[in-house]
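Asker: The structure follows.
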Amino acid sequence: MKSSPLHFPFEWPAAAGPPEALVTLREEPVVRVTLPSGDEAFLVTRYEEIRRVLSDPRVSRNRDRPGAPRMTERKTKVFQNPRIDRDPPEHTRMRRLMAKAFTATRVEGMRPHVRRVTEELLTDLLRRTPPVDLLEAFAVPLTLRVICGLLGVPPRDQGRFRGSLDEAWRYMGELIEAKREDPGDDLISALIEVHDEDDGRLSAHELHVWCVILLLAGFETTATQLGSGVVLLLTHPDQFELLRGDPALIPDAVEELLRCQIAGHSLSMLRLVTDDIEIGGVTIPKGSGLIPVLESANFDETVFPDPLRLDITRVNKQHLVFSAGPHFCMGAALARLELQVALEALMRRVPTLRLAVPPGDLRHHDSPLDLGFRELPVMW
């Protein structure tokens, strides 16, 4: 292991290419890094080790213990919350209760709504004079309207919490109380009512935290992924034309775009090692910070041959962009649905879509927890 730690997260270049550090990162199974907070942690770099770590009970999501490493100097209600146990068995109880309301049937039932919103937004987009910011005109309003529709957020309120975690926290508390008094056919109302003889109910605080997570992750990360996926296709015209000519490839293309462009740095995957653990012949001491680097796993050449090549016909689709194990992303099915519907509609209705600026002019946000583009100007 290198003697001097690297700085993490790595800086992603313009457009949608991976950081140079990811190309050689897997030469060592464990890499020591310094986080934005100034604390040190260990990166796990290889696919198989990362999969094991994601299910290892000695690797904890609870980082509120004294001396635990921090991602950044500032704590957030979502990522660090001492009243929410993010480890089994309590986390398992919460997941089971969530799953009773957030079902595959509920998600799939949203497909017609997602299609309607997509078509409306593209109709508005095509009325504008290019160049147009695809994020503001399409990706963000699509994912925002979809997650708000799922949760039961009234259309009039959908602009209240964008860009403000504190406002999202306040608003969601108000909405939950309103749904207790007047429930509807939405996920929040279902979560309030869900009950299990063994697991009981979600507490008021648990419900509040989960709804905020679903709200923010449900539109910001999916919008980021959609924008990044479009950039990948537009900078790989052979893949763009292949997909445009064969819409049946949409599901495969979505998986490959997910593999190639994670919607956020793995900094948010920071864990705490609760007992000594050996990874790839390296012992990680108890009390250390550990990050399973999902973007590194998704470029592991032993799992994905020629990993830097975008290939929408790739056979192996077992990427880890939604994590794995007990913390697998609950919104994965909804994200896939939105990406599939959005890409199909873009290919069909805007076949001449192209970037309005050179790829090198695209810039990511400065936040270490946000990999999204600041804007995405396009023409057609």
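Asker: Give the residue, chosen from Phe328, Phe322, that is of a type in the set (Phe, Trp, Tyr) and surrounded by fewer than 18 Cβ atoms within 10 Å (Cβ to Cβ).
Answerer: Result: Phe328 is the single residue among Phe328, Phe322 that is of a type in the set (Phe, Trp, Tyr) and surrounded by fewer than 18 Cβ atoms within 10 Å (Cβ to Cβ).
Asker: Does the stretch 201-209 contain at least one residue that is touching a residue at least 40 places away in the same chain (Cβ under 8 Å), closer than 28 Å to Pro112 by Cβ and not hydroxyl-bearing (Ser, Thr, Tyr)?
Answerer: Of the residues in the stretch 201-209, the ones touching a residue at least 40 places away in the same chain (Cβ under 8 Å) are 201-202, 205-206, 209.
Narrowing further to those that are closer than 28 Å to Pro112 by Cβ: none.
No, every residue in the stretch 201-209 fails to be touching a residue at least 40 places away in the same chain (Cβ under 8 Å), closer than 28 Å to Pro112 by Cβ and not hydroxyl-bearing (Ser, Thr, Tyr).
Asker: Restricting to the stretch 310-319, count the residues that are among the aliphatic types (A, V, I, L, M), in contact (Cβ under 8 Å) with a residue 24 or more places away in the chain and surrounded by fewer than 18 Cβ atoms within 10 Å (Cβ to Cβ).
Answerer: As a first pass, look at the stretch 310-319 and keep what is among the aliphatic types (A, V, I, L, M): 310, 312, 315.
Subset that is in contact (Cβ under 8 Å) with a residue 24 or more places away in the chain: 310, 312.
If we keep only those that are surrounded by fewer than 18 Cβ atoms within 10 Å (Cβ to Cβ) too, we end up with none.
The total comes to 0.
Asker: Right, here's the next one. Which one of the conditions (1) under 28 Å from Ser164 (Cβ atoms); (2) in contact with an Asp or Glu (Cβ under 9 Å, 6 or more places away or on another chain); (3) basic (Lys, Arg); (4) free of Cβ contacts under 8 Å to residues at least 60 places away in the same chain does Arg83 fail to meet, given that it meets all the rest?
Answerer: (4)
Asker: Which residues, counting only those in the stretch 244-268, are at pLDDT 95 or above, buried (at least 22 other Cβ atoms within 10 Å of the Cβ) and in contact with an Asp or Glu (Cβ under 9 Å, 6 or more places away or on another chain)?
Answerer: Result: Glu256, single match.
Asker: Restricting attention to the stretch 264-292, which residues are under 19 Å from Leu320 (Cβ atoms), assigned to a loop (DSSP other than H, G, I, E, B) and out of contact with any helix residue (DSSP H, G or I) (no Cβ under 8 Å at 6 or more places or on another chain)?
Answerer: Leu270
Asker: All but one of (1) at pLDDT below 95; (2) out of contact with any strand residue (DSSP E or B) (no Cβ under 9 Å at 6 or more places or on another chain); (3) assigned to a loop (DSSP other than H, G, I, E, B) hold for Glu295; state the number of the condition that does not hold.
Answerer: (3)
Asker: Could you please let me know if His236 is of a type outside the set (Gly, Ala, Ser), crowded, with 19+ Cβ neighbours inside 10 Å, within 24 Å of Leu22 (Cα to Cα) and in contact (Cβ under 8 Å) with a residue 40 or more places away in the chain? Show your work before the answer.
Answerer: Values: of a type outside the set (Gly, Ala, Ser): yes; crowded, with 19+ Cβ neighbours inside 10 Å: no; within 24 Å of Leu22 (Cα to Cα): yes; in contact (Cβ under 8 Å) with a residue 40 or more places away in the chain: yes.
No, not satisfied.
Asker: Next question. Return a yes/no flag: does the stretch 330-337 have any residue that is assigned to a strand (DSSP E or B) and not hydrophobic (A, V, I, L, M, F, W, C).
Answerer: First, pick out the residues of the stretch 330-337 that are assigned to a strand (DSSP E or B): none.
No, every residue in the stretch 330-337 fails to be assigned to a strand (DSSP E or B) and not hydrophobic (A, V, I, L, M, F, W, C).
Asker: Sticking with this structure for a sec: So, of the residues in the stretch 11-34 that are in a loop (DSSP other than H, G, I, E, B) and modelled with pLDDT of 95 or more, which turns out to be nearest to Asp276 (Cα to Cα)?
Answerer: Taking the stretch 11-34 first, the residues in a loop (DSSP other than H, G, I, E, B) are 11-20, 28-29.
Right, trim to modelled with pLDDT of 95 or more and you get 28-29.
Values: Glu28: 19, Pro29: 16 Å.
Filtering first and then ranking leaves Pro29.
Asker: Residues Val230, Val282: which one is hydrophobic (A, V, I, L, M, F, W, C), touching a strand residue (DSSP E or B) at 6+ places or on another chain (Cβ under 9 Å), farther than 30 Å from Gly67 by Cβ and at pLDDT 95 or above? Steps first, please.
Answerer: Working: Val282 fails: farther than 30 Å from Gly67 by Cβ.
The conditions single out Val230.
Rundown of residues vs (1) farther than 30 Å from Met347 by Cβ; (2) in contact (Cβ under 8 Å) with a residue 40 or more places away in the chain; (3) surrounded by 13 or more Cβ atoms within 10 Å (Cβ to Cβ), yes/no style:
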| residue | (1), (2), (3) |
| --- | --- |
| Ala137 | no, no, yes |
| Pro141 | no, no, yes |
| Arg145 | no, no, yes |
| Gly152 | yes, no, yes |
| Arg160 | yes, no, yes |
| Ser164 | yes, no, no |
| Gly184 | yes, no, no |
| Ile188 | yes, no, yes |
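Asker: Look at the stretch 241-276 and say how many of its residues are without any contact (Cβ under 8 Å) to a residue 60 or more places away in the chain and at positive phi.
Answerer: Result for the stretch 241-276: 0.
Asker: Spot the failing condition for Pro57; the list is (1) within 28 Å of Asp199 (Cα to Cα); (2) crowded, with 17+ Cβ neighbours inside 10 Å; (3) touching a Pro at 6+ places or on another chain (Cβ under 9 Å), and only one is missed.
Answerer: Failed condition: (2).
Asker: Would the stretch 287-304 turn up any residue that is farther than 30 Å from Asp276 by Cβ and surrounded by fewer than 18 Cβ atoms within 10 Å (Cβ to Cβ)?
Answerer: No; the residues of the stretch 287-304 include none that is farther than 30 Å from Asp276 by Cβ and surrounded by fewer than 18 Cβ atoms within 10 Å (Cβ to Cβ).
Asker: Within the stretch 161-263, considering only helices (runs of 4 or more DSSP H) that don't extend past its boundaries, which have at least 2 residues that are under 22 Å from Leu97 (Cα atoms) and not basic (Lys, Arg)? Don't jump to the end; show me each part of the working.
Answerer: On the way: elements: 165-181, 187-193, 204-216, 222-234, 237-245, 250-260.
Correct list: 165-181, 187-193, 204-216.
The values are calculated or read from the model by the stated rules, or taken from the named source; none is laboratory data. None of the values given here were measured: they were computed from a predicted structure. As a convention, Cβ positions derive from the backbone with ideal geometry for all residues, glycine included, and neighbour counts pool all protein chains shown.
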